[in-house]
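One structure is given here, and the rest of the page talks about it.
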2 protein chains.
Amino acid sequence: MKVTINDIAKAANVAKSTVSKVLNDSPSIPLATKERIRAIMRDMNYIPSSMATGLAKRKCNNVAVMIDLSRRNDFLNQFFYNIIGGIESVVGSKGYDLTICNVPQEDSRDFLHRYALSQKADGLIIDTSILEKTAASDLLEANSPFVVLGAWGEERKFPCVDIDNRLGAVKITEHLLAQGYRRIAFIGGRKKEHLFSQRFAGYSEALRRRGCGVNPLWSFPEGSTEASGYAAVEKMLRLPIVPDAILCMNNYVAYGALRCLRDRGISVPDEVGMVTFDNEPLAPYTSPPLSSLHTDTFGLGAKAAELLMGLIQDEDTAPEEAAKSRQTWIEPHLIVRESSVKPGSAL
Amino acid sequence: MKVTINDIAKAANVAKSTVSKVLNDSPSIPLATKERIRAIMRDMNYIPSSMATGLAKRKCNNVAVMIDLSRRNDFLNQFFYNIIGGIESVVGSKGYDLTICNVPQEDSRDFLHRYALSQKADGLIIDTSILEKTAASDLLEANSPFVVLGAWGEERKFPCVDIDNRLGAVKITEHLLAQGYRRIAFIGGRKKEHLFSQRFAGYSEALRRRGCGVNPLWSFPEGSTEASGYAAVEKMLRLPIVPDAILCMNNYVAYGALRCLRDRGISVPDEVGMVTFDNEPLAPYTSPPLSSLHTDTFGLGAKAAELLMGLIQDEDTAPEEAAKSRQTWIEPHLIVRESSVKPGSAL
DNA sequence: TTGAAAGCGCTACCAG
DNA sequence: CTGGTAGCGCTTTCAA
């Protein structure tokens, strides 16, 4: 059988409460005793049961990230490894474990609720796509710390961390303008997606600031696949006034767009400039290589974890105040490659 | 405070042992009573504490996957999302949680040991790269079920699941031969890597079966980056007898190789045929698109999880026998694209 | 069919 | 500084 605290107590000839104090490095135990008991623990190969400790302390040193693993083509999925890595890096260093929960969006509310109440985790990191309005209130009420991955709807009453997509779109658009492109098209996405609105807002904002105006004919929110990228460019080329630059929602749209331009014999970046959101997985490997907007997804995860750890520790300190409106925006960075550098410009 | 089993017992006017039986759907409780008590649980919003249950049952309904998250360019990383998804799909359906552990390879042995003994998980899925020889014995001795991701060294005394890399290489090589290519080079990898040996073995085997012989000048085990792919092809082109086909260790090597060939004006597949391991992330998007070997990584994860769940359940039943030598090989599939189809052949 | 009591392994409080 | 005792919330005999 497993060796328990009682075995150690017996072997050391002390009470188990003393052993417990050694375990928790209590200052009331003299160093000599500590070392003696620790030696015994080592000899006997003793590791405390996390469940017993957890039950007694009402704390499990575990954080859960709730996502929908079935959505195989999501933003999260693509960067999943990095986000998880980021979360783990901060959570792990504080001695917490990380559990991954696959939450089907149908009964997400119930799932989150049960999970929190069962005390399987001290805190939750929740992908925005599975967080219903009511679920968040449940959690708040149940007093379970959580932070949302991705800005949550309009009202951001809860701690969340997201990429600053608006700013990203501004950066891309300004770069294109600076390169001398003037008629910038926006392809990919869907009108109802938050991601789209945020990015489109940044694009519009940058254009307006330069007094360029936003031509409604130049946006093609018709999906984010390679095929839709190809189709969008086909349509674009039939326009009376043809854009001279393209901003793409992702690498696959961009790839499709590039392919269409190549098929038509239109050169990038000479005749048409191009920049895409996301630096993965294709941007560096297309011809020409695509300028892209890199986002630090590891940092995103890390930031989310930091917020959460803050909440967990402050739990008793400042319940409401702390939880409210702590949101963080991760700033994306432009990586300039051939696809958006006009001949003659310095890269 | 949280509502506990005692609260329910009180509210229902029964002993807590009765409530416990309801919780576990014991047959000794009449249906009427069960329903009455369940209704009360629902009303009072009762969810049992997983730690208390776990402590009492000595079982936590949790499985951990141990990998080295710091190796950002690993085979695992690339397919991480799929593997995790696969594991979750089987483990989740059985009511188990999945925790991800970042195990630094230095003290991996100690980490695994502590983790198992602390009873944070009922079973472990361990990436082969962090499993030292001694660690495995520790686990066996501690009686903790585990399965290894990736074949473990020479001796496979432990349950493990891996891609059948040898078979994959055979498939690629045979395809190339069938297309009429006769001088097949092998680029990427490192001689000491298992991955390399397995694949090289398959390549050699297929060649020998056709009586082709393996030309030692035609393998370039000099790393798996884009740059090494480029360099390998440069070297290859200077050979007295130049190969007419290339088998690449991964997409990046292949990309580098492709780039070099393009720079030299050598056409693929006309003058040189090419196939790469892995169908992600670039293979479908290069020019020409690369024939590749697709591996079902979701299935890999699922299979590993199935093995593990088997071990967990058999724990009391057949301890040694069951654990030994249960290994599974996932068969990879060839996806034929332009890069390996000789003009004139039917695709 | 139900319940009282004795744990599961650890912490926490309070004497001494 | 140390030890006894009473939990943490649930399960599991064993009688009744």
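List of remarks:
- Set of aspartates and glutamates with alpha-carbon distance to B:Lys94 below 14 Å, sequence-local pairs under 8 removed: B:Asp122, B:Glu306
- Distance violations [Cα-Cα > 32 Å] among B:Lys59/B:Lys157; A:Lys21/A:Lys120; A:Lys171/A:Lys235; A:Lys16/B:Lys34: A:Lys16/B:Lys34
- Given 11 as the ceiling on other Cβ atoms within 10 Å, longest exposed-site-free region of chain B for GluC sites (Glu not before Pro) in DSSP loops: B:156-347
- Number of partner chain Cβ atoms within 10 Å, mean per residue of A:42-53: 5
- Between helix A:194-209 and chain A: long-axis angle, C-alpha atoms, 0 to 90°, nearest 10: 50 degrees
- The calculated FRET efficiency for the pair A:Glu106 and A:Leu334, based on their C-beta separation and a Förster distance of 41 Å, comes to about 0.60.
- Across chain A, C-alpha contacts under 8 Å between residues 6 or more apart give a mean separation that, scaled by the residue count, equals a relative contact order of 18 percent.
- B:Lys94-A:Arg182 FRET efficiency (beta carbon distance; Förster radius 56 Å; 0.05 resolution): 0.40
- Centre-to-centre separation between the Cα atoms of region A:230-271 and those of region B:75-119: 43 Å.
- Inverse mean reciprocal Cα-Cα distance (Kirkwood Rh) of the protein assembly as shown, Å: 28.3 Å
- Reciprocal of mean inverse Cα separation for chain B (Kirkwood radius, Å): 23.1 Å
- Label-point separation in nm, B:Asn143 to B:Leu239, each point 7 Å along Cα→Cβ: 5.6 nm
- Rg and Dmax of region B:5-55, based on Cα coordinates, read 10.3, 29 Å.
- Computing Rg and the Kirkwood Rh from the Cα coordinates of region A:64-103 gives a ratio, Rg/Rh, of 1.01.
- Whole-number percent relative contact order across region A:5-55, with pairs defined as alpha carbons under 8 Å at least 6 apart: 35 percent
- Of the solvent-accessible surface of region A:5-55, computed with a 1.4 Å probe and all protein chains present, 54% belongs to carbon and sulfur.
- Gyration tensor (Cα) of region B:238-316, equivalent ellipsoid semi-axes in angstrom: 40, 13, 8
- Averaged over the residues of peptide A:57-68, the number of Cβ atoms from other protein chains lying within 10 Å of each residue's Cβ is 2.
- Extreme residue, positive dipole direction of region B:1-104, given options B:Ala64, B:Phe79, B:Ala15 (C-beta unit charges): B:Ala15
- Accessible area buried at the B-A interface, both sides summed, 1.4 Å probe (Å², nearest 100): 4400 Å²
- Orientation-averaged projected area, Cα convex hull of region A:1-141 (nm²): 11.3 nm²
- Kirkwood Rh, angstrom, region B:77-159 [1 / mean 1/r, Cα pairs]: 13.5 Å
The values are calculated or read from the model by the stated rules, or taken from the named source; none is laboratory data. Nothing here was measured: the structure is a model prediction, and the numbers come from that model. Please note: Cβ atoms are built from the backbone with ideal geometry, for glycine as well, and neighbour counts cover all protein chains shown. Remember, those area values only see protein heavy atoms, side chains included, never the ligands or the DNA or RNA. Shrake-Rupley method; radii C 1.70, N 1.55, O 1.52, S 1.80 Å.
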